[in-house]
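The values are calculated or read from the model by the stated rules, or taken from the named source; none is laboratory data. Because the structure is predicted, anything quoted here is derived from the model rather than measured. Cβ placement follows ideal geometry from the backbone for every residue including glycine, while neighbour counts extend to all protein chains displayed.
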């Protein structure tokens, strides 16, 4: 398995013909206060599967961890991959929509993508306390009631 | 935009949310996703002590939603959920007879 695309973005979808559309790729967001909520982000993945991946069930795990390695959330799934002919490959798209994700503090977070227990990709998300120096990044909203970390 | 494929109960609740997206609790948005066929996995445990389910659709395994629990969901989050369902409805409509092309 080879991770062809692993990005955080404002929006992604899968169109007809298994086309992965991604808009607004980012890695840094600003929040004026904490705790804070990121209304929406998308983790878009495109995995290339080859002959040796076919005809088996694989473990796919995605976890969000902070810079201290604390696991913030984890999504695990079994991926049943049909047989793939020698010399052929198959691409699989995954769009994970995260709505209302709360963060207790600034720092560097990362999505870790593991395939059969082996980390295959990492997507960093840097959260900075303050306001964006230029324009409007993905919007963060201060939300009372979320517990600090 | 909505299309064929969504059950009437989902369409009714979707229009109710769309008409006034302010102040919805996340449990109602989870209900909306559930009516659209997104089933809930076991709650994902988080370091901050929240139980956060990942919702997936058995027939559309490439589309997943993680909606964090709040008593009053921010309007931007609610509108994004509406957008996800609109996108899903468009996909269903396309599946029911749209054109495919390279």
Task: Top-ranked residue in segment A:85-106 [being touching a strand residue (DSSP E or B) at 6+ places or on another chain (Cβ under 6 Å) and over 17 Å from residue A:3 (Cα atoms); ranked as farthest from the other protein chains (Cβ to nearest Cβ)] - done: A:106
Task: Selected residue [in contact with a strand residue (DSSP E or B) (Cβ under 6 Å, 6 or more places away or on another chain), under 19 Å from residue A:102 (Cα atoms) and modelled with pLDDT of 90 or more] from B:66, B:77, B:22 - done: B:77
- [ ] Keeping to segment A:70-84, report how many residues are within 16 Å of residue A:48 (Cβ to Cβ) and within 10 Å of chain B (Cβ to nearest Cβ).
- [x] 1
Task: Residues (crowded, with 17+ Cβ neighbours inside 10 Å and touching a residue at least 60 places away in the same chain (Cβ under 8 Å)) located in segment A:65-96 - done: A:66, A:93, A:95
Open item on the list: So for segment A:14-31 (the condition being away from chain B (no Cβ under 11 Å) and not in a strand (DSSP E or B)), does at least one residue qualify?
Closed with: yes
Task: All positions within segment A:107-145 that are within 14 Å of another protein chain (Cβ to nearest Cβ), at pLDDT 85 or above and on the phi > 0 side of the Ramachandran plot - done: A:107
TODO: Quick one: residue B:52 ticks every box in (1) modelled with pLDDT of 85 or more; (2) buried (at least 22 other Cβ atoms within 10 Å of the Cβ); (3) farther than 18 Å from residue A:11 by Cα except a single one, so which number is it?
DONE: (1)
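Answer yes or no: is there a residue in segment A:34-45 that is more than 30 Å from residue B:22 (Cβ to Cβ) and in a strand (DSSP E or B). Don't jump to the end; show me each part of the working.
Step one: of segment A:34-45, the residues more than 30 Å from residue B:22 (Cβ to Cβ) are A:45.
Keeping just the survivors that are in a strand (DSSP E or B) gives A:45.
Checked against the condition, which is being more than 30 Å from residue B:22 (Cβ to Cβ) and in a strand (DSSP E or B), segment A:34-45 yields at least one hit.
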